[in-house]
Amino acid sequence: MANNLRKPDIICIKSAKTVAADKENWIAIGQIRKTVGLQGWLRISLMTDFPDRFEPGEELLFKKQTGIPESVIVSEWRPHFAENAVDILVEGIESCEAAAEYVNSLVVIPKDEREELDSDDEFYPDELEGMKVLSPKGVCCGRVIRMEADAPCPYLLVSSEEAGEVMIPFRHDFISSVDKANKSLKLTEDISFHIPVE
């Protein structure tokens, strides 16, 4: 899932959220929420802007909470009325009971297979983690802990010696620029004006 800093709107979130399944190697593109029907259908909440990854014939990797990802092949696919979900059947899973063991698993891809972004104004949430946070005058005043992309108004959780942990909405009103090359972002106002985390 990519995020786009646009004036004056919030970041454009292309999908509901993103999860680093294993920060070093895997990126989650979906999560198996439940079984559907008796034939082994699985409902997947999408965490990607590329739902074609779930079409028949595609290979997916299911990752349970422990262990290595397991390769499966999609045999059937159908859209869900909610735009952020699909139902799939995979080869070798032919009953509700067999499908149930995958509920809550993540659907992952290797990190290096993540789609390239079209613009320097788009970001994946994990790209923002660890970035320096600069005051309007360019002085370092904190670091990004993480981005909460699935909140109604996405925000950055920032650690600062001056203000403790604060929440900064990821909007152009609050962030004037993001510099991927220098791993930094610049605020429009001092960090002390932002909401402290209690």
task: Filter segment 168-182 down to the residues that are within 14 Å of M131 (Cβ to Cβ) and under 19 Å from the mean Cα position of the chain (by Cα), then identify the one that is surrounded by the fewest Cβ atoms within 10 Å (Cβ to Cβ).
output: K180
task: Take E165 and decide whether it is part of a strand (DSSP E or B), open to solvent by 30 Å² or more (accessible area, probe 1.4 Å) and modelled with pLDDT under 90.
output: yes
task: State the number of residues belonging to segment 17-61 that are within 15 Å of E122 (Cα to Cα) and at pLDDT below 50.
output: 2
query: If the Cβ limit is 7 Å and pairs must be 6+ apart or interchain, which residue in segment 29-56 that is open to solvent by 50 Å² or more (accessible area, probe 1.4 Å) pairs with which residue that is among the acidic types (D, E)?
result: Q39/E94; F50/E115; P56/E76
field: Residue list for segment 145-167, filter: in contact with a Ser or Thr (Cβ under 7 Å, 6 or more places away or on another chain) and within 11 Å of V133 (Cβ to Cβ)
entry: I145, E162, A163, V166
message: Given the condition surrounded by 14 or more Cβ atoms within 10 Å (Cβ to Cβ), assigned to a loop (DSSP other than H, G, I, E, B) and touching a Cys at 6+ places or on another chain (Cβ under 8 Å), answer yes or no: does some residue in segment 107-124 qualify?
response: no
message: One residue is enough: does segment 64-74 have a residue meeting the conditions under 30 Å from S177 (Cα atoms), open to solvent by 40 Å² or more (accessible area, probe 1.4 Å) and either of a type in the set (D, E, K, R) or at pLDDT below 80 (or both)?
response: no
- prompt: Hey, any hits in segment 62-83 for a residue that's assigned to a strand (DSSP E or B), farther than 20 Å from M47 by Cα and not hydrophobic (A, V, I, L, M, F, W, C)?
  reply: yes
statement: Reported set for segment 88-106 where residues are in a loop (DSSP other than H, G, I, E, B), under 13 Å from G37 (Cβ atoms) and either open to solvent by less than 20 Å² (accessible area, probe 1.4 Å) or free of Cβ contacts under 8 Å to residues at least 40 places away in the same chain (or both) is I93
- line: If we ask which residues in segment 183-195 are part of a loop (DSSP other than H, G, I, E, B) and either within 20 Å of D121 (Cα to Cα) or open to solvent by 40 Å² or more (accessible area, probe 1.4 Å) (or both), their number turns out to be 4
query: If you take the residues of segment 125-158 that are touching a Pro at 6+ places or on another chain (Cβ under 6 Å) and closer than 20 Å to E189 by Cβ, which of them is least open to solvent (accessible area, probe 1.4 Å)?
result: M147
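The values are calculated or read from the model by the stated rules, or taken from the named source; none is laboratory data. Remember, it's a predicted structure, so these values are computed and weren't measured experimentally. Virtual Cβ from ideal backbone geometry, glycine too; neighbours counted across all protein chains shown. SASA here: full protein model, heavy atoms, side chains in, ligands and nucleic acids out. Shrake-Rupley method; radii C 1.70, N 1.55, O 1.52, S 1.80 Å.
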